[in-house]
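Visitor: Below are the structure tokens for one structure; questions will follow.
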Amino acid sequence: MARSNFDELLEAGVHFGHLKRKWHPAMAPYIFMERNGIHIIDLHKTVAKIDEAAEALQKIARSGRKILFVATKKQAKEIVASKVKEINMPYITERWSGGMLTNFPTIRKAVKKMNTIDKMEVDGTFGTLSKREKLQISRQREKLEKNLGSIVSLTRLPAALFVVDIVREHIAIKEAQRLNIPIFGIVDTNSDPNLVDFAIPGNDDAAKSIEIILSKICDAIQQGLEERKIEKDNEVAQESKKTETKEAPSKKSDEDSDDNGDVAPKKAVARKTTARKTTTKKA
């Protein structure tokens, strides 16, 4: 797995924190210094935390489980959507619906409803409805797509939650804590790092900062997915070899049975026929 680069993080402005008066005391271990009333984050610790989080997420992806990304702030929406789509993971970039994790069965029903509307359009049922009913269903479909369209592939609770701004997404964090779901998050100087299991100290307001951290995380997840694919291919190859090995002796035994079971009786029958002819001639 590629390690994070200190200079890249510095250039992206990951080290810029919030104003000193807005800081959270629990972030003291991750603050390098204060300059012009702004806290500066220690990037050496950021590098270590990114690598730690990336390694853990890579293992989760390798196991075949899903990681849910949450980022509803304006600067992060497009970045998260584009990056996470590439690795085929679920994400939330619109409003977090209360109970999305703690009331997951209801959320799944809403997703199924959206799929039902899609089927209606395909099988022609949608065409038999009145104009008013079509309009109502279309609006309902758009609303569901906006809020839940990105989690259609999430058929069960995620194995982990990745949050860009833990202050803004406090409801999602509380739900994950209640269900004991591991939480990964970008933690700025105004946040409490103790709320998440894997805190990545960094600037969660600048688009460049969010993008570079997400790039490292997504690369690690992609690597985990590729490793899982290789493992599956190896398992299939081994199974096919075992099948071939089992079939080979059975074919050989069939040939032996043909030699010992078919040819020998034919010779015996031939001998009996010859003996009968000889007896008939003598008589």
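Visitor: Anything in the range 1-29 that is assigned to a helix (DSSP H, G or I), closer than 12 Å to ASN190 by Cβ and touching a residue at least 40 places away in the same chain (Cβ under 8 Å)? List them, or say none.
Guide: LYS22, ALA26, MET27
Visitor: Among the numbered criteria (1) surrounded by 16 or more Cβ atoms within 10 Å (Cβ to Cβ); (2) more than 20 Å from the chain's Cα centre (by Cα); (3) assigned to a strand (DSSP E or B), which single criterion is violated by MET33?
Guide: (1)
Visitor: Only one of (1) in contact with a Phe, Trp or Tyr (Cβ under 7 Å, 6 or more places away or on another chain); (2) of a type in the set (A, V, I, L, M, F, W, C); (3) closer than 19 Å to GLY202 by Cβ fails for PHE16. Which number is that?
Guide: (1)
Visitor: Oh, and also: Please identify the pairs in which a residue from the range 35-59 that is among the hydrophobic types (A, V, I, L, M, F, W, C) has its Cβ atom under 6 Å from the Cβ atom of a residue that is assigned to a helix (DSSP H, G or I) and buried (at least 20 other Cβ atoms within 10 Å of the Cβ), counting only partners at least 6 apart or on another chain.
Guide: ILE41/TYR30; LEU43/LEU9; ILE50/LYS216; ALA54/LYS216; ALA54/ILE217; ALA54/ALA220; LEU57/ALA220; LEU57/ILE221
Visitor: Look through the range 171-203, keep the residues that are part of a helix (DSSP H, G or I) and of a type in the set (A, V, I, L, M), and return whichever of them is nearest to TRP23 (Cα to Cα).
Guide: Here the residue is LEU195.
Visitor: For the subset of the range 148-163 comprising residues that are under 14 Å from ARG95 (Cα atoms) and buried (at least 18 other Cβ atoms within 10 Å of the Cβ), which member is modelled with the highest pLDDT?
Guide: VAL163
One line per residue, one yes/no per condition, for (1) closer than 29 Å to MET33 by Cα; (2) within 18 Å of the chain's Cα centre (by Cα):
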site: ILE151; (1), (2): no, yes
site: ALA159; (1), (2): no, yes
site: PHE184; (1), (2): yes, yes
site: GLU235; (1), (2): no, no
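Visitor: Quick one: which of GLU227, GLU231 is out of contact with any Ser or Thr (no Cβ under 6 Å at 6 or more places or on another chain), modelled with pLDDT of 85 or more and closer than 30 Å to HIS44 by Cβ?
Guide: GLU227
Visitor: Here's a follow-up. Looking only at the range 60-74, which residues are under 20 Å from SER97 (Cα atoms) and touching a residue at least 60 places away in the same chain (Cβ under 8 Å)?
Guide: LYS66, ILE67, LEU68, PHE69, VAL70, ALA71, THR72, LYS73
Visitor: Here are some residues: SER215, SER209. Which one is at pLDDT 90 or above, in contact with a strand residue (DSSP E or B) (Cβ under 9 Å, 6 or more places away or on another chain) and surrounded by 10 or more Cβ atoms within 10 Å (Cβ to Cβ)?
Guide: Step by step, each of SER215, SER209 is checked, and only SER209 is at pLDDT 90 or above, in contact with a strand residue (DSSP E or B) (Cβ under 9 Å, 6 or more places away or on another chain) and surrounded by 10 or more Cβ atoms within 10 Å (Cβ to Cβ).
Visitor: Filter the range 145-170 for residues that are within 24 Å of GLY64 (Cβ to Cβ) and part of a helix (DSSP H, G or I) and give the result.
Guide: LEU148, GLY149, SER150, ILE151
Visitor: Among the residues in the range 125-142, are any of a type outside the set (A, V, I, L, M, F, W, C), in contact with a helix residue (DSSP H, G or I) (Cβ under 7 Å, 6 or more places away or on another chain) and closer than 30 Å to ASP7 by Cβ?
Guide: no
Visitor: Every residue in the range 121-137 that is among the aliphatic types (A, V, I, L, M), modelled with pLDDT of 85 or more and over 24 Å from ILE92 (Cα atoms), please.
Guide: LEU135
The values are calculated or read from the model by the stated rules, or taken from the named source; none is laboratory data. Remember, predicted model here, so these are calculated numbers, not experimental data. For neighbour counting, all protein chains shown are included, and Cβ atoms are generated from backbone atoms with ideal geometry for every residue, glycine included.
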